[in-house]
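The values are calculated or read from the model by the stated rules, or taken from the named source; none is laboratory data. This is a predicted model, so every value here is computed, not measured. Ideal geometry is used to build each Cβ from the backbone, glycine not excepted, and the neighbour counts take in all protein chains shown.
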Amino acid sequence: MTTRTRISRRSWLGMTGAVALGTAGLAGCSSSSGAAPAGPAGEGAEEPDQYAGERVDGPELVIWADSARVPAMVEASAAFTRDYQVNIRYQPLAFNDINANFQKAGPSGGGPDLLDGNIDWMGTLNQAGLLAPVELGARAQDFDQRAIEGWTMDETLFGVPYAVESLCVYRNPAVIPEPIANWAEFDALAPELVAAGVEYPLAIDAGNAYLWPGILSAFGGYVFGERDGQVDVEDVGLDSEGGLAAAAWLAGLVESGYVRPGTTDDVALSVYAENKVGLHVSGPWMAPTYVEQGFDFVIDPLPAGPAGPGRPWLSARGFMINRNSEKLALARTFLTQYLADTGPMTAMATKLSMESSWLPTRRADDNELVAALSAAGADAQPIPSAPELASYWEAAGGGLTAILNSQQDSAAAMRNSARRMRNAIEES
């Protein structure tokens, strides 16, 4: 995006593609990074169980969902209850608890009939035999096809996506008036920024492995290769020629002081108004805070690198069906005929700082900020759904942290990360 986008607080709160809830971003990814597992099913619920519409004398479908999603689903749920005489019972959980709890309860036949989740959960859950296929039919064309691709494994769809998000750059126009087209331009400009008192020419939580593919790919590196159009988990590319080049570039920025260890989103926000930040690499989850704080900012795509545009990962939220549900037909009908519609899809997107995966919702949304976030993520690629993705988070995060803290040569750090990934994949 090459022009400044000014968004008023009123227009932000009225948008349909995303709203001012800044806590949702990347929730799905953190669960894959070695976080401690949650407690038993139901533990961590933020609210009591909720029913949609009037209770009827009939069976019920149980849905585990992030509590932020439940109000958006009530209307569709009430219609389903009325039409099929089936109750819908929601068990609101903290989002990351859903995955851990289902992995515990699902194998023994427990858990919900449907569950809210993130695209990077699918591989592990499907490998464990916990997910039922989903058939969208003609409705599939109404979704962002990258989200459909991401929720597809072995040519079978296992989730219905409702929102997507990727990465973007928040540019401070008072510090950097024009967009940075490529990282070489930034490298040339950074010394001038430091001389002018800019403490964070590039504010990025560089140890966060979710952010790395967007930079890695711009230098020709990759996490997993491809073979015959499919993810090839045996081809780990962190230590490829492009991967080593990206790591060396990051190490150079750290050595020059253009990227500072310990930088987080909160750190960037704390000094942004003082014009101490040039570029802030993050995602849509930060947009509500930028607007609420009254910051002057521009949304740009990630700069390109020697290998071309960076391709950050696309995260997609969606609903899955428990393969062991005793009400599979009802669950499929509810998901594909009632939730996969403009009303609930739009309502769910408005409860997140994420872009809707439902194309009719996007086409009806003329908000400039939504358009800017969408344009910034145009080159994003779906997070690999392979179960082997779990090997990436800790291995890459450790290598990146070693580079940031100057604990290890960049090439050695990336080779070590790649070796850890290969060993974990071989042992899995």
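Quick notes on this structure:
- Single residue of segment 192-221 satisfying the filter (touching a residue at least 60 places away in the same chain (Cβ under 8 Å) and over 27 Å from TRP313 (Cβ atoms)) that is surrounded by the most Cβ atoms within 10 Å (Cβ to Cβ): VAL198
- Residue, nearest to the chain's Cα centre (by Cα), within segment 66-102, restricted to residues that are without any contact (Cβ under 8 Å) to a residue 60 or more places away in the chain and under 16 Å from ILE321 (Cβ atoms): ILE98
- Residues that are under 19 Å from VAL62 (Cβ atoms) and modelled with pLDDT under 95 within segment 129-149 are absent altogether.
- Any hit, segment 239-257, residues being in contact (Cβ under 8 Å) with a residue 60 or more places away in the chain, closer than 15 Å to ILE204 by Cα and not in a helix (DSSP H, G or I): yes
- Check on PRO344, in the same structural domain as PHE80 (by TED's automatic domain parsing) and over 30 Å from ALA128 (Cβ atoms): no
Results for (1) more than 18 Å from ARG311 (Cβ to Cβ); (2) surrounded by 22 or more Cβ atoms within 10 Å (Cβ to Cβ); (3) outside the structural domain of ALA218 (by TED's automatic domain parsing); (4) in contact with a Cys (Cβ under 7 Å, 6 or more places away or on another chain), shown as yes or no for each residue.
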{"residue": "ASP366", "(1), (2), (3), (4)": "yes, no, yes, no"}
{"residue": "VAL370", "(1), (2), (3), (4)": "yes, yes, yes, no"}
{"residue": "ALA375", "(1), (2), (3), (4)": "no, no, yes, no"}
{"residue": "ALA378", "(1), (2), (3), (4)": "no, no, yes, no"}
{"residue": "SER391", "(1), (2), (3), (4)": "yes, yes, no, no"}
{"residue": "GLU394", "(1), (2), (3), (4)": "yes, no, no, no"}
{"residue": "GLY399", "(1), (2), (3), (4)": "yes, yes, no, no"}
{"residue": "ALA402", "(1), (2), (3), (4)": "yes, no, no, no"}
{"residue": "GLN408", "(1), (2), (3), (4)": "yes, no, no, no"}
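- Cβ-Cβ distances below 6 Å connect the following pairs, each with a first residue in segment 293-306 that is not assigned by TED's automatic domain parsing to the domain that holds VAL370, a second residue that is charged (D, E, K, R) and assigned to a loop (DSSP other than H, G, I, E, B), and a separation of six or more residues or different chains: VAL298/ARG4.
- The number of residues in segment 129-146 being part of a strand (DSSP E or B) and closer than 13 Å to ILE321 by Cβ comes to 1.
- Every residue from segment 93-128 that is part of a helix (DSSP H, G or I) and aliphatic (A, V, I, L, M): ILE98, ALA100, ALA105, ILE119, MET122, LEU125
- Pair list, Cβ < 8 Å and 6+ apart or interchain, from segment 350-362 residues that are farther than 18 Å from ASP142 by Cβ and buried (at least 24 other Cβ atoms within 10 Å of the Cβ) to residues that are modelled with pLDDT of 85 or more and not aliphatic (A, V, I, L, M): LEU352/ARG317; SER353/GLU165; SER353/PRO284; SER353/TRP285; SER353/PRO288
- Checklist (1) outside the structural domain of LEU328 (by TED's automatic domain parsing); (2) in contact with a Ser or Thr (Cβ under 8 Å, 6 or more places away or on another chain) applied to ASP120, failing item: (1)
- Qualifying residue in segment 314-328 (condition: under 30 Å from TYR222 (Cβ atoms), among the polar types (S, T, N, Q) and touching a residue at least 60 places away in the same chain (Cβ under 8 Å)): yes
- When residues of segment 54-65 are limited to those that are of a type in the set (A, V, I, L, M) and more than 15 Å from ARG332 (Cα to Cα), the one farthest from the chain's Cα centre (by Cα): VAL56
- Residues in segment 105-159 that are in contact with a strand residue (DSSP E or B) (Cβ under 7 Å, 6 or more places away or on another chain) and of a type in the set (Phe, Trp, Tyr) were compared, and the one that is surrounded by the fewest Cβ atoms within 10 Å (Cβ to Cβ) is PHE158.
- Qualifying position, being modelled with pLDDT of 95 or more and closer than 22 Å to ILE425 by Cβ, among VAL259, VAL223, VAL169: VAL223
- Residue in segment 239-269 that is surrounded by the fewest Cβ atoms within 10 Å (Cβ to Cβ), counting only those that are among the polar types (S, T, N, Q) and under 24 Å from PRO191 (Cβ atoms): SER256
- Residue within segment 294-317 that is part of a helix (DSSP H, G or I), modelled with pLDDT of 95 or more and crowded, with 22+ Cβ neighbours inside 10 Å present: no
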